[in-house]
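Novice: My questions all concern the structure below.
The values are calculated or read from the model by the stated rules, or taken from the named source; none is laboratory data. These numbers were taken from a predicted model, which means no experiment stands behind them. So basically every Cβ, Gly included, is an ideal-geometry build from the backbone, and we count neighbours across all protein chains shown. These area figures cover heavy atoms from the full protein model, side chains too; ligands, DNA and RNA do not enter into them. Shrake-Rupley method; radii C 1.70, N 1.55, O 1.52, S 1.80 Å.
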Amino acid sequence: MKLWKTAIRFLPLSLAVFLLTGCLGETNLTALDPKGPQAEWIFDNMLLSLYIMAFVSIVVFAIFFIILAKYRRKPGDDQIPKQVHGSTALEITWTVIPIILLMILAVPTISGTFMMADMEPDPEVGEDTVQIKVTGHQFWWQFDYEDEGFTAGQEVYIPVGEKVIFELHASDVMHSFWVPALGGKIDTVPGITNHLWLEASEPGVYKGKCAELCGPSHALMDFKLIALERDEYDAWVAGMKAEQEEPTDVLVSQGQELFNEGFGCIGCHAIGGSGTAAGPTLTNFNDREVIAGYLENNDENLEAWIRNPQSLKQGNKMPAFEDMSDEDMEALIAYLRSLSVLETNE
Ligand code: HEC
Ligand SMILES: [Cu+2]
């Protein structure tokens, strides 16, 4: 009876687990729908070990219940059964079977570990293999395309169907770089350089997350990996490298003036060019789907963000511009909206 009570007490908890799995919603923030060779390897191995576990459980429980039924005490059975000790045949069997099962697991594990650790360039792409330096900051991501000489923030673009090599760093505390649909997570550690490669087998927008508790807004330290066909990717690279054009629109150039001089946003946010700044580069800000990793990128949210970033992302390093006049805000937003490198911006 007591067991039943305990079981019933755990029922809501187990139901909650089922309900929470529904929270995944539309996103591809899942390792169960792999979209690249690394993620496929992880998923296949997860299934393989699950099958092995299921096989072992089924066999063990089947034997258990058969023996329970077969050797239970029967009516009139009042003698102690013959006592035995040890069985060489049985002991060899239950040693050899697990060894075989572990060997079955070891083959793909070891070959996969080498596959994932191989940081040689993509054999088909050679020298043009894309290499990206990732830096985790509280609470945003910096992506340096050093070979091309520019820096991106919050969204990392890669060509589809090619191995892309990431070099991982952290500027403050430990973070962890994770795009579940494409592969395993890897920590970014201050003072240590880690490496990882990923490949996306289909074009698309893949969600990424920081997977290492790094401070109050850790849960909002999201980013996106955007895989484009090679020609679109090249066009994006060209856009990121292009000289900033002088704005022709009056409001936009007023906004630029405020961004550079009036409020000194430029001190933390570079536009164009490369290197580390105190905040994410805004070269292609208007192409981003979200602001600060998670807020839908519309004017209302943008204004709210500039006026009071702390209320939206606790502990982040951007100061508030609460008292900005509406006119200045309008001009700044117009300027930020002009920052795009993609041809179409749907
Ligand atoms: C002291 C440095 C600093 C200054 C000055 C500053 N920012 Fe920021 N800003 C940041 C940091 C840091 C972030 C990243 C916050 C996060 O996501 O954790 C940020 C994020 C942003 C973002 C979101 C970027 C994205 O793609 O997620 C926008 C837009 C922005 N700032 C605009 C401005 C504007 C406009 C000004 C001037 C009025 C300004 N910032 C001044 C540090 C600064
Ligand atoms: Cu984090």
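Novice: Could you report the accessible area of Trp178 in Å², rounded to 10, computed with a 1.4 Å probe on the protein chains as they sit in the structure?
Specialist: Probe radius 1.4 Å; accessible area of Trp178 about 70 Å².
Novice: To check you understand DSSP bridge types, tell me what percent of the beta bridges within the chain (both residues inside) are antiparallel, rounded to 5.
Specialist: Here the antiparallel bridges make up roughly 70 percent for the chain.
Novice: Rolling a 1.4 angstrom probe over the protein chains, ignoring ligands and nucleic acids, what is the accessible area of Ile104 in square angstrom, nearest 10?
Specialist: Accessible area of Ile104: about 80 Å².
Novice: Shifting gears a bit: Using modelled amide H (1.01 Å from N, peptide plane; none on Pro or chain starts), what sits under 5 Å from the amide H of Ala181, excluding residues fewer than 5 places away?
Specialist: Correct list: Thr30.
Novice: When the dipole is taken about the Cα centre of the chain, and only Lys, Arg (+1) and Asp, Glu (-1) are charged at their Cβ, what size is it in debye, to the nearest 20?
Specialist: That gives a dipole near 3760 debye.
Novice: Taking amide hydrogens as modeled 1.01 Å from N in the peptide plane, which residues meet the under 5 Å criterion relative to Val160, leaving out close sequence neighbours?
Specialist: Those qualifying (amide H under 5 Å, at least 5 residues apart or on another chain) are Leu228, Glu229, Arg230.
Novice: Roughly speaking, what is the stretch gain from Leu213 to His195, that is 0.36 nm per residue apart minus the C-alpha to C-alpha distance, in nm to one decimal?
Specialist: Taking Leu213 through His195 to full extension adds about 4.5 nm, to one decimal.
Novice: Can you pull the Kirkwood radius for the chain, inverse mean 1/r over Cα pairs, to one decimal in Å?
Specialist: Hydrodynamic radius (Kirkwood, Cα pairs) of the chain is 24.1 Å.
Novice: Counting only helical runs of four or more DSSP H residues, what would the 222 nm mean residue ellipticity of the chain come to if each run contributes -39,500 (n - 2.57) and the total is spread over all its residues?
Specialist: -12500 deg cm²/dmol
Novice: Sorted by average packing, counted as other Cβ atoms within 10 angstrom per residue and highest first, what order do 294-303, 69-78, 280-289 take?
Specialist: Working: 294-303: 14.8, 69-78: 7.2, 280-289: 20.5.
Ranked from most to least packed, the peptides come out as 280-289, 294-303, 69-78.
Novice: Return one whole number: the accessible area per residue of the stretch 195-346 in Å², for a 1.4 Å probe.
Specialist: 51
Novice: Expressed as a rounded percentage, what relative contact order does the stretch 250-337 have, with Cα pairs under 8 Å and six or more residues apart?
Specialist: RCO, the stretch 250-337: 37 percent.
Novice: Could you compute the FRET efficiency for Glu330 and Ile110, with r as their C-beta to C-beta distance and R0 at 41 Å, rounded to 0.05?
Specialist: Details: r = 60 Å, r/R0 = 1.46.
So, using R0 = 41 Å, E works out to roughly 0.10.
Novice: Cβ neighbours within 10 Å, averaged per peptide: list 152-158, 119-125, 251-257, 92-98 in order, most packed at the top.
Specialist: 152-158, 251-257, 119-125, 92-98
Novice: Picking from Gly208, Leu220, Ala238, whose Cα lies most toward the positive end of the charge dipole for the stretch 126-241 (charges on Cβ: Lys, Arg +1; Asp, Glu -1)?
Specialist: Leu220
Novice: In the chain, what percent of the accessible surface is made up of carbon and sulfur (1.4 Å probe, ligands and nucleic acids excluded)?
Specialist: It is 61 percent, rounded to a whole number.
Novice: Accessible area of Val290, 1.4 Å probe, to the nearest 10 Å²?
Specialist: Rounded to the nearest 10, the figure is 30 Å².
Novice: Please give, to one decimal in nm, the separation of the simple spin-label points placed at Asp44 and Met119, each 7 Å out from Cα toward the Cβ.
Specialist: It is 2.5 nm.
Novice: Related question: What lysines does Lys133 reach when the alpha-carbon gap must be under 28 Å and sequence neighbours fewer than 8 apart in one chain are set aside?
Specialist: Lys35, Lys163, Lys185, Lys207, Lys209, Lys224, Lys241, Lys313, Lys317
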